[in-house]
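The values are calculated or read from the model by the stated rules, or taken from the named source; none is laboratory data. What you see is a predicted model; the values in this text were computed from it and never measured. So basically every Cβ, Gly included, is an ideal-geometry build from the backbone, and we count neighbours across all protein chains shown.
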């Protein structure tokens, strides 16, 4: 049988969650800044070329991670309440 967590343990977990939220927000801001800076290059070198396998690979690499970050922001911000099953999985 496990003991109940102490107040300091609860505070430690809370600090970890808060820091994770800040880190996710910072990562999102940095990626958005990078996209703004490199959009002209992307338009010239990717979108002006014929569609190919390299284009698909580029799109997956370029936009896959921001989609993941967006999902994480939604999940950690409590915009959409999660049911018990999803909370255990997350």
Q) Just for region 56-90: of the residues that are surrounded by fewer than 10 Cβ atoms within 10 Å (Cβ to Cβ) and in a loop (DSSP other than H, G, I, E, B), which one is modelled with the lowest pLDDT? A) 90
Q: Could you grab me the full set of residues in region 24-55 that are surrounded by 11 or more Cβ atoms within 10 Å (Cβ to Cβ) and either outside any helix (DSSP H, G or I) or modelled with pLDDT under 85 (or both)?
A: 24, 25, 27, 28, 49
**Q.** Filter result for residue 21 (part of a helix (DSSP H, G or I), surrounded by 10 or more Cβ atoms within 10 Å (Cβ to Cβ) and at pLDDT 85 or above)
**A.** no
